[in-house]
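Structure record follows, encoded as C-alpha cells.
The values are calculated or read from the model by the stated rules, or taken from the named source; none is laboratory data. On a predicted model such as this, the values are computed, not experimentally measured, just so you know. When we count neighbours, we look across all protein chains shown, and the Cβ atoms used for this are built from the backbone with ideal geometry, even at glycine.
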C-alpha cells in the first residue's frame, strides 16, 4: 500500500509516469470506486447558503461524466495506436485524483465552514483551488505526453480539452454550477 502511495505521489510530482503503474484492472477499479465515492461525498457538501445537490443529480452527473471522459480518453489512445497503454494511464490519472480528492474534500469543508465568512481567507482558498486546477492539468498533460509519445503542445491541447469537456458536461447535467 505504501508503495502505491509513493508511486502515485511520484506521478503527482511528475517524477513517475504511466509506464511505472502496474497493468492491473483490479487496481484501476478500486481507485475508480474510491474516487467516485469521494466525488459523491464532496458534491454533498452544502455551499455557504446551505444548498447541496440531490443525490440522484450527483449520481447521474458522475456516471455520465466519467463514462464520457473515459470513453474519450480511450478513443484518443485508440487513434494514436496505443490502446495497450490506456489502462496504466487512466490508473495513473485516478491515482492522482485520489490524492487530489484527499486535499480537495477537506478544503471544501473548510471553505464552507470557515472561509465563507472571511473574504481574505476566501481569496487564499481561491488561489489554492487555482493551484489544484493547474496541478490537475499538469498531471494529465504529463501522463498523456508520456503514454502517447506526443509533443508538448499536443498533450497540452488534449489536457485542456478533456478538462473543458468535463466542465461542459457539468454545465449540462448540473446547471446550478454555471449560475
What is the residue count in segment 21-50 for residues that are assigned to a helix (DSSP H, G or I), touching a residue at least 24 places away in the same chain (Cβ under 8 Å) and more than 18 Å from the chain's Cα centre (by Cα)? 1
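Which ones in segment 51-66 are over 11 Å from residue 166 (Cα atoms) and in a helix (DSSP H, G or I)? Step through it out loud before you land on a result.
Step one: list which residues in segment 51-66 are over 11 Å from residue 166 (Cα atoms), which gives 51-60, 63.
If the condition is that a residue be over 11 Å from residue 166 (Cα atoms) and in a helix (DSSP H, G or I), then 55, 56, 57, 58, 59, 60, 63 are the ones that fit.
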Modelled with pLDDT under 90, surrounded by 16 or more Cβ atoms within 10 Å (Cβ to Cβ) and over 21 Å from residue 29 (Cβ atoms) - does that describe any residue in segment 115-134? yes
Which one of 150, 121, 73 is part of a helix (DSSP H, G or I), in contact (Cβ under 8 Å) with a residue 12 or more places away in the chain and out of contact with any strand residue (DSSP E or B) (no Cβ under 9 Å at 6 or more places or on another chain)? 73
All positions within segment 137-160 that are surrounded by fewer than 20 Cβ atoms within 10 Å (Cβ to Cβ) and under 21 Å from residue 101 (Cα atoms): 137, 138, 160
Residue check, residue 56 at negative phi and surrounded by 14 or more Cβ atoms within 10 Å (Cβ to Cβ): no
Is it the case that residue 70 is at pLDDT 95 or above, within 18 Å of the chain's Cα centre (by Cα) and surrounded by 14 or more Cβ atoms within 10 Å (Cβ to Cβ)? yes
So which residues in segment 4-15 are crowded, with 16+ Cβ neighbours inside 10 Å and without any contact (Cβ under 8 Å) to a residue 40 or more places away in the chain, if there are any at all? 10
